[in-house]
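I have placed the structure first, in the form of structure tokens, so that the comments after it can refer back to it.
The values are calculated or read from the model by the stated rules, or taken from the named source; none is laboratory data. Computed from a prediction, not measured in an experiment: that's the story for all the values here. Note that each Cβ is placed from the backbone with ideal geometry, even for glycine, and that neighbours are counted across all protein chains shown. These accessible areas exclude ligands, DNA and RNA; they are computed on the full protein's heavy atoms, side chains included. Shrake-Rupley method; radii C 1.70, N 1.55, O 1.52, S 1.80 Å.
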Amino acid sequence: MQIIFKTSYDQDINILSKRGEYIRVTLLIVSMLAAPLFLDVYYLSELGLLLVYAIAGIGLMISTGFTGQVSFGHAAFLGIGAYCHSILMTTGVPFSVSVVLTTLFCGFIGMLLGRSASRMHGFYLAVATLAFLIIVETVIGEWTSLTGGYAGFLVPELQIFGVYLPEIWQQYYVDLGLTLFVVWGTANLLRSPTGRAFLAVRDSELSARSLGINVEWVKIQSFGISAAITGIAGILLAHHLAYLSPETFGVLESLKLLLMIVVGGLGSITGAIFGAIFVSLLPVLLSLLRDVLPGAISQQAGLEPMLFGVIIVLFVVFEPDGINGRWKKLLHFFETFPYYRKASFVRQKRYLKTERMR
Amino acid sequence: MLPIEDVIRLGFIGISQGSAYALIALGFVLIYKATEVVNFAHGDFMMFGGFVVLTFSEGFGLGFWPGLVVACLAMGLAGFLVDSLIMRRIIGQSQASIFILTVAFGFILRSAAGMIWGWSPQSLDTPFDGETMVAGITLGNERIAIVGITIVLCIALYSFFARTRMGVAMQASSQNQLAAYYMGIPVRRLISLVWAIAAILATIAGAMMAPVTQLDTSIGFIGIKALAGAIVGGFGSIPGTILGCLLIGIIEPFSDYFFPAIKGVSAYIVLLVVLFVRPDGLIVQTYQKKA
């Protein structure tokens, strides 16, 4: 059992506080860096896609998990990011400039949405973002001269500082670099006053306001940052897909993002990453399940959405803290070895808090 | 400009479509009023209910009205069970989890319906075939029936919530659950009953919509537009819901006619515009807590 002695105030806001965390994170980063050495092309590209979804999940986590503003519309930012970047690249803007411009553009749109969102709450916001997503999808589909409409849009090849990067492992390192940057940036954000204001607004708007936090502005910031990060994921996704069409960024994609963070565990960066792993492994899992189930059931069309739904229901009902919560319990078990009790994580009885009286 | 007959015809289609939205939205509002859960699967409950009516009235040969009644009972039981087995356990969880949970119900219902009744559209015979001439304009009977049923159900629900003990108890338990427990209100049973009533409403809506849209696993998506309508009006207030749904229903055919490029999206544009100006909808149902 490890006991932490606090010898300086900085220790309270360190990103990693325990020795075990240092070791785990270092091991993870080293193995990710070494992955191209022992993975073949297919798995490497899947791993790259996983990283992209981890970024998108962190983006959504900032608005939904940390600030408590549920958004059904983040696929729109994924789409805006992907299209904006591809269009800029096609017109000859270099990659690095295009990434910055696209991120800023997504952030700006996010702040605009956040401006209207800052006065809504709860599911009004969820449905408004859903409406926003549907409108964006339609605009992308109908604005044929700019986006190619439903016929699709060819993404230019990945090229950084004039160097073409056609290989999968090169693309993988771009994904990895941006993922590490986003994870580090988000962890840093969360220990800053801005990030802690996010958490305060999530937990209680009233008390946040009493403590002098400008709730509206915090929500706008949160949406802006969240949209910008999702935009980065969109840029990388565009290079993975190589061919964009508006349907890719529809309601289902948004639900996938939301599923990711709920199953991963709301309110933590690790949760978003666990969620991305889960979503990437889900198709494999489902095909395994298909083999196990008797033929009469496994031959049915529509089995995937059914199992998808059942998995979500089981998660929300039995493990509301998601995979991350389970992981924490496991760690706690080993860290406090003989002292773990079932009651350590027992949930309190909760009652409905009305939203109509805020 | 449009000739006046076309305006009236489009207007009537709008009103009947708006009533259909209102009919669906009533189920949303009911569950929301009682538990503050927005059941995103309500549209899929409607779809499933429509199929159940089809099974009882044609598969078992009961005829439309008896089939509708039996189907309502079956779906009511299903709604009761959904609450008492699943929704009850997740009270107090974060909204994102609850939303995604109800969305997951939608997935399950849709694939279940596809597996049981097949993925191709089916038609349901109702007593509302044929057309009626009113002032020189032909109107489909099924559309008139939707308007009629919506009016009847609205009045019934409104008087239920305003006049009966149970309705008032439901409102009380929605405003402060803990206090309602202290007052001796059987909160759990009431909430399960609300889910049952909502499922029955969904079944009726499914049966009424069937002649207009045909029964198909994807008709649940109408639910999203109904939700948009209810939000425009101010969620949680029944008059507001009807107002918003009618507004969206009437705007839709006209905008589809004048701006075919944005066909099907006008409802969402209206929603965003209204929420931008009035973030709590047209009839406000939320109040700022006085600090």
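At a cut-off of 30 Å², which residues of region B:60-103 become less accessible once all protein chains are present than in their chain alone, using a 1.4 Å probe? By number: B:Arg89, B:Ile91, B:Gly92, B:Gln93, B:Gln95, B:Ala96, B:Ser97, B:Phe99, B:Ile100, B:Leu101, B:Val103.
Hey, any idea what the orientation-averaged projected area of the convex hull of the protein assembly as shown's Cα atoms comes to, in nm²?
Numbers: hull surface 132.8 nm².
Answer in nm², one decimal: 33.2.
With every protein chain left in place, what is the accessible area per residue of region A:39-342 in square angstrom, probe 1.4 Å?
Each residue of region A:39-342 exposes 41 Å² on average to a 1.4 Å probe.
On a per residue basis, region B:4-218 carries 39 Å² of accessible surface, using protein heavy atoms and a 1.4 Å probe.
Which order do peptides A:20-32, B:249-261 fall in by mean Cβ count within 10 Å, highest first? Don't skip to the answer; put the middle values down first.
Numbers: A:20-32: 12.0, B:249-261: 15.8.
Descending mean neighbour count gives B:249-261, A:20-32.
Ranked from largest, the principal axis spans of the Cα set of region B:152-236 equal 47, 24, 24 Å. Mind pulling up the Rg/Rh value for region A:153-290? Radius of gyration and Kirkwood radius, both on Cα. Expressed as Rg/Rh, it is 1.03.
At q = 0.11, 0.16, 0.20, 0.25 Å⁻¹ the log10 of I(q)/I(0) for region A:1-100 amounts to -0.62, -1.05, -1.14, -1.18, computed by Debye summation with a single uniform scatterer per C-alpha, solvent ignored.
Among residues other than A:Glu46 whose Cβ falls under 13 Å from its Cβ, what is the net charge (Lys/Arg +1, Asp/Glu -1)?
Details: positive: none; negative: A:Asp40, A:Asp175.
Summing Lys/Arg as +1 and Asp/Glu as -1 gives -2.
Taking the Cα centre of the protein assembly as shown as the origin and placing charges on Cβ (Lys, Arg +1; Asp, Glu -1), which of B:Val265, A:Ala200, B:Gly27 is farthest toward the positive end of the dipole? Towards the positive end, the residue furthest out is A:Ala200.
Considering only B:Ile149, B:Phe48, B:Ile200, the residue lying farthest towards the positive end of the dipole of chain B is B:Ile200, judged by Cα position with unit charges set on Cβ.
Which value, in nm² and rounded to one decimal, describes the direction-averaged projected area of the C-alpha convex hull of region B:57-197? Mind showing how you got there, number by number?
Details: hull surface 48.6 nm².
That works out to 12.2 nm², a quarter of the Cα hull's surface.
Is the C-alpha gyration tensor of chain B telling us rounded, prolate or oblate? Criteria: a/c under 1.5 is rounded; beyond that, a/b larger than b/c is prolate, otherwise oblate. Here chain B falls in the oblate category. To the nearest hundred square angstrom, how large is the accessible surface buried between B and A, total for both chains, probe 1.4 angstrom? By this definition, chains B and A bury close to 5300 Å². Taking the 1.4 Å solvent-accessible surface of chain B as the whole, the part contributed by carbon and sulfur is 68%. Mean separation of Cα pairs under 8 Å and 6 or more residues apart, divided by the residue count, gives region B:61-189 a relative contact order of 14 percent.
When you have a sec, figure out the Kirkwood radius of region A:149-208 from all distinct Cα pair distances and drop it here in Å to one decimal? Display every interim value, and only then the final one.
Details: mean 1/r = 0.0663 Å⁻¹.
Value: 15.1 Å, from the Cα pair sum.
Binning all Cα-Cα separations of region A:39-342 at 10 Å, short to long from zero, yields these whole-percent fractions: 6, 26, 33, 24, 9, 2, 0. Taking all Cα pairs closer than 8 Å and separated by 6 or more residues, the relative contact order of chain B comes to 35 percent.
Could you give the alpha-carbon Rg of region A:91-245 over 2.2 N^0.38 Å, rounded to two decimals?
Details: Rg = 18.1 Å, N = 155, 2.2 N^0.38 = 15.0 Å.
Relative to the 2.2 N^0.38 Å estimate, region A:91-245 comes out at 1.21.
Computed over region B:122-173, the P(r) curve from all C-alpha pair distances, binned at 10 Å from the origin, holds 21, 30, 22, 19, 7, 0 percent per bin.
Express the carbon and sulfur contribution to the solvent-accessible surface of chain A as a percent, rounded to the nearest whole number, probe 1.4 angstrom.
Numbers: 11670 of 17230 Å².
In chain A, the share of accessible area belonging to carbon and sulfur is 68 percent.
Any idea which of A:Trp143, A:Thr90, A:Met260 is furthest toward the positive side of the dipole for region A:39-342, if Lys and Arg beta-carbons carry +1 and Asp and Glu beta-carbons -1? Comparing the listed Cα positions along the dipole, A:Met260 ranks first.
How high is the relative contact order of chain A? Use alpha-carbon pairs under 8 Å, at least six apart in sequence, and give a whole percent.
Details: 479 pairs, mean separation 103.8, N = 358.
Over chain A, the number comes to 29 percent.
Every helix of 4 or more DSSP H residues in chain B counts as -39500 (n - 2.57), and over all residues that averages to -23500 deg cm²/dmol at 222 nm.
Peptide A:311-324 has a mean shielding of 4, counted as Cβ atoms of other protein chains within 10 Å of each residue's Cβ.
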